[in-house]
């Protein structure tokens, strides 16, 4: 047995852990031998971060704010980086959904490595290695879906190229993840549903991927039942403390899973979709998950019936259906029923049209996530997936 497992330097999980942000930032600054100026990256409404600012104030830290109301773009990374440099920031704190956390991780990496984001971007950039570890980064999620607090990459959109790309390095893993389920209590049902389906995708894809990891398997087996028992409850009652705790744990687990195993065709398609259309990542994953799983199971039965991924899909089906007799073929329909119960939107509502399929499929087949799919899906199979997700 041989595997690698990476995680944030420290994880604080539980209600009220946000209060640790200020003292933790002070300790990180002291340990890095730098000044204590902080860049705080928030979502569109920085007032939601008032408790964080109070913690930083109590710790005597000065901070500069940068807000982002969209999924991060190359130009957002440049603007936040310029602000951080001008303010002599030594710590970066991301507070928000995956967009704020990814941008914070990108800035922390670029502060330590000279040049432009495109110097290090995959696919459309030079793809240079981020040779110097990131400045200390604290990741504080306020949604339960992306798991970005536990990953070593940051996804940026290039409008010019119509694609999402990653900055990626082991040194980008946050130094500290603070996962406080209370921060998710105010999420509306649609955001809860779509981010929750993102978390589910990030547990299922690594679990059934082409390069499984035994540590990831253990995490997924613990997190999947928690998510499945709590996702609908969290959508119905946003202040259900037990359900929100389960969802926060599942999201963190999904981040750890994708950081240490591979993803698959859902993410392979979601990246090009997000670059071409105004579809949030969670919404894309929510619409694609059931048809991708159905396509994978059918392709495995036809072309690789001995694949261990079929046993893994069967195991997931038992949880989804609630029966030990469930088969791999039951997973896709069960996920479709869950998506319908949650009111997941079809991708046509975001502007997806059949004439866009060829370009999206071409970009998806070149995506790094696609290499983790348990079987290579042909263009006609991917077309069927997109058609079903409409």
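The values are calculated or read from the model by the stated rules, or taken from the named source; none is laboratory data. Every value quoted in this text rests on a predicted model; they were computed, and no experiment measured them. We place every Cβ from the backbone using ideal geometry, glycine too, and count neighbours over all the protein chains shown.
Numbers below:
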item	result
Residues within the range 208-231 that are more than 12 Å from residue 258 (Cα to Cα) and buried (at least 22 other Cβ atoms within 10 Å of the Cβ), tallied	5
Matching entry among 146, 157 (being assigned to a loop (DSSP other than H, G, I, E, B) and under 16 Å from the mean Cα position of the chain (by Cα))	146
Scope the range 344-373; condition surrounded by 21 or more Cβ atoms within 10 Å (Cβ to Cβ) and within 20 Å of the chain's Cα centre (by Cα); matching residues	344, 347, 363, 364, 367, 369, 370, 372, 373
Among the candidates 290, 341, 325, residue that is surrounded by 17 or more Cβ atoms within 10 Å (Cβ to Cβ) and either free of Cβ contacts under 8 Å to residues at least 60 places away in the same chain or not assigned by TED's automatic domain parsing to the domain that holds residue 163 (or both)	290
The range 72-86 residues that are within 16 Å of residue 166 (Cβ to Cβ), paired with ones that are modelled with pLDDT under 95 and surrounded by fewer than 23 Cβ atoms within 10 Å (Cβ to Cβ) (beta carbon under 6 Å, 6 or more apart)	73/157; 74/158
Among (1) at pLDDT below 95; (2) in contact with a strand residue (DSSP E or B) (Cβ under 9 Å, 6 or more places away or on another chain) - the single one residue 126 does not satisfy	(2)
Enumeration of residues in the range 41-56 that are closer than 15 Å to residue 20 by Cα and without any contact (Cβ under 8 Å) to a residue 60 or more places away in the chain	49, 50, 51, 53, 54, 55, 56
Some residue of the range 299-314 being modelled with pLDDT of 95 or more, in contact with a helix residue (DSSP H, G or I) (Cβ under 9 Å, 6 or more places away or on another chain), crowded, with 21+ Cβ neighbours inside 10 Å and not in a helix (DSSP H, G or I)	no
Failed item, numbered, when residue 99 is tested on (1) surrounded by 24 or more Cβ atoms within 10 Å (Cβ to Cβ); (2) over 20 Å from residue 177 (Cα atoms)	(2)
Criterion (surrounded by 14 or more Cβ atoms within 10 Å (Cβ to Cβ), under 30 Å from residue 159 (Cβ atoms) and assigned by TED's automatic domain parsing to the domain that holds residue 99) met by exactly one of 26, 38	38
Scan of the range 260-287 for residues that are part of a helix (DSSP H, G or I) and surrounded by fewer than 24 Cβ atoms within 10 Å (Cβ to Cβ), ordered by number	260, 272, 274, 275, 276
Any hit, the range 57-68, residues being in a loop (DSSP other than H, G, I, E, B), free of Cβ contacts under 8 Å to residues at least 12 places away in the same chain and out of contact with any strand residue (DSSP E or B) (no Cβ under 9 Å at 6 or more places or on another chain)	no
Unique match (being assigned to a helix (DSSP H, G or I), in contact with a helix residue (DSSP H, G or I) (Cβ under 6 Å, 6 or more places away or on another chain) and not assigned by TED's automatic domain parsing to the domain that holds residue 284) among 107, 92	107
